Amino acid sequence: MSDFRQPGPPVWRRLDSVTPQTVATPQTVVTPPTARTAGHAHAHDDDVRYEAVRSRDARFDGAFFFAVETTGIYCRPSCPAVTPKRRNVRFFATAAAAQGSGFRACRRCRPDAVPGSAEWNVRADVVGRAMRLIGDGVVDREGVAGLAVRLGYSARQVQRQLTAEVGAGPVALARAQRAHTARVLLQTTGLPVTEIAFASGFASVRQFNDTVRAVYAATPSELRAAAPARDRAARRTATPSAGVPLRLAHRGPYQPGPVFDLLQREAVAGIEEVSGGPGRRVYRRTLRLPYGTGIVAVQERLGPSGGTGTGTGTGGGGGGGWLEARLHLTDLRDLTTSVQRLRRLFDLDADPYAVDERLGADPRLAPLVAARPGLRSPGTADPEEFAVRALVGRAEAERLVRRYGKVLDAPCGTLTHLFPEPAVLAEAEPEGTPGALAAALADGTVGLDPGADRDGAERALLAVPGLDARTVAVVRTRALGDPDVAPPGPAVPDTWRPWRSYALNHLRAAGEWENDR
């Protein structure tokens, strides 16, 4: 849907030239200029953002939003509508900030359905950690007080820092996320509105109705009736047994082959399977979720650029596409959490333009980046499970599943179990390093949730008797989603920072770096 009508160099390069990125230490925060809040951005930065809007550049979908004061509507940068005049435009770092200022979501470009900002996965500070936790549904389950406890700050400090940086506090951010979940369920399932209200995380039907009206300027019934034709077709087949169909949007180019290759090599029988031939594979796995369990299926084949997203959005033409997925949940309140975990597993919120630009400047990596633009650094759907698997290996993980895994109430083909919880493993086999790791995960000594402090988690992992630095590096990369990890061994150039995890994936894909596991 992108329309590159403006002459001159790409907007991305012009934005980088305005505020060059710097890398000084392993913990340096790389902040894209597009992610700054409107209230604190320099006017010139906003002028550059406007150029991205004029170009309808889908590469910035999710990095910022713009609102039009004369219409009261906010949009994604690639919105195909007529470009508004600069004097009528305001910029926001999040959809929640735009909603908090009284703007409603555009019905044409659906700005709530964009890929997430890559900034929150990169940043290791309290704001980045908070945004990852909110995405995982912590505010809905534990409230702002629970979020603050996990971060080690007071609720007031968390509120202040989020408002200053992204223009909205945790409650507003969670509310925007609930509204998006409600729209997905309204437009892709035939569930009664009352069930959707509580499945989306709202405390009451009245709160649900008020929020939907405020965000979309429509009642839930009107929003359902306005669903695109594709969503209406999906709704006819979306039953509790058929699951919820979703499009998992990504930004920029995406290489599904290496990701599915990795998932196929690692698949643990009973909880995972990969079927089909290269290019048409389907990855399926079981999920342990806060309210119940789930089974997900994700297709390797990419959706074309230029479509309209259903579940978590899509990029516009030249700016991205999506992976088709289907979720079967025992409790629909887990929809938001399960989608976020899949996005981390497939690294869908990454910024491939920034990664490829930095790594493509290196003589050794340049041909590899050219051969595989948009190569991702996969994460995991269950950090604690991954930590155990990284330590014991695939064969031993399968034994643990058979012996201690929880049997699903409704097995689906070869998917029969959930991976055993750390507390179960710690009690059943307390001996050795696996037992020590399971105990540390179970009692919270090692925390690997989306908001975990990465340095603190690494120190706690290294303190587990028998756990080596190489395994810890793999866990930090995959379970904690750190984009800048170099395992012990041969020196990795600092010029690859802050994307060393991606650089090593390029070398592995080319057969120039041994596997870490």
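The values are calculated or read from the model by the stated rules, or taken from the named source; none is laboratory data. Only a predicted model underlies this, so the values are computations on that prediction, with no experimental measurement involved. When we count neighbours, we look across all protein chains shown, and the Cβ atoms used for this are built from the backbone with ideal geometry, even at glycine. The accessibility values were calculated without ligands, DNA or RNA, using every heavy atom of the protein model including side chains. Shrake-Rupley method; radii C 1.70, N 1.55, O 1.52, S 1.80 Å.
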Considering only helices (runs of 4 or more DSSP H) wholly within the stretch 362-414, the ones with at least 3 residues that are of a type outside the set (Gly, Ala, Ser) and over 28 Å from the mean Cα position of the chain (by Cα) are 394-404
Go through the stretch 422-449 and give me each residue that's open to solvent by 50 Å² or more (accessible area, probe 1.4 Å) and closer than 10 Å to Val388 by Cβ.
-> Pro434
Yes/no for Glu165 being crowded, with 24+ Cβ neighbours inside 10 Å, at pLDDT 90 or above and not hydrophobic (A, V, I, L, M, F, W, C) = yes
Quick one: what pairs do we get from the stretch 282-294, first residue free of Cβ contacts under 8 Å to residues at least 24 places away in the same chain, second buried (at least 17 other Cβ atoms within 10 Å of the Cβ) and of a type in the set (D, E, K, R), C-beta under 9 Å, 6+ apart or different chains?
-> Val282/Glu273; Val282/Glu300; Tyr283/Glu272; Tyr283/Glu273; Tyr283/Glu300
With respect to Val274, determine if the residue is open to solvent by 10 Å² or more (accessible area, probe 1.4 Å), on the phi < 0 side of the Ramachandran plot, touching a residue at least 12 places away in the same chain (Cβ under 8 Å) and in contact with a Phe, Trp or Tyr (Cβ under 7 Å, 6 or more places away or on another chain).
-> yes
Taking the stated definitions as given, is Asp356 modelled with pLDDT of 95 or more and assigned to a loop (DSSP other than H, G, I, E, B)?
-> no
From the residues in the stretch 22-81 that are at pLDDT 90 or above and hydroxyl-bearing (Ser, Thr, Tyr), which one is surrounded by the fewest Cβ atoms within 10 Å (Cβ to Cβ)?
-> Thr70
Checked the stretch 473-505 for anything small (Gly, Ala, Ser) and closer than 20 Å to Ala457 by Cβ; matches are Ala473, Ala479, Gly481, Ala486, Ser501
Within the stretch 258-271, the residues that are open to solvent by less than 20 Å² (accessible area, probe 1.4 Å) and on the phi < 0 side of the Ramachandran plot are Val259, Phe260, Leu263, Ala267, Val268, Ile271
Please verify whether the stretch 125-134 includes one or more residues that are more than 15 Å from the chain's Cα centre (by Cα) and within 15 Å of Val215 (Cα to Cα).
-> no
Could you please give the count of residues in the stretch 192-216 that are in a loop (DSSP other than H, G, I, E, B) and either among the aliphatic types (A, V, I, L, M) or in contact with a Gly (Cβ under 6 Å, 6 or more places away or on another chain) (or both)?
-> 1
Taking the stretch 461-517 and keeping only residues that are of a type in the set (D, E, K, R) and either more than 21 Å from Gly393 (Cβ to Cβ) or not in a loop (DSSP other than H, G, I, E, B) (or both), one is left with Arg470, Arg476, Arg478, Asp482, Asp484, Asp494, Arg497, Arg500, Arg508, Glu512
Filter the stretch 390-431 for residues that are at pLDDT 95 or above, in contact with a strand residue (DSSP E or B) (Cβ under 8 Å, 6 or more places away or on another chain) and of a type in the set (D, E, K, R) and give the result.
-> Arg402, Lys406, Glu421
Scanning the stretch 450-460 for residues that are among the acidic types (Asp, Glu) and not in a loop (DSSP other than H, G, I, E, B), which turns out least open to solvent (accessible area, probe 1.4 Å)?
-> Asp455
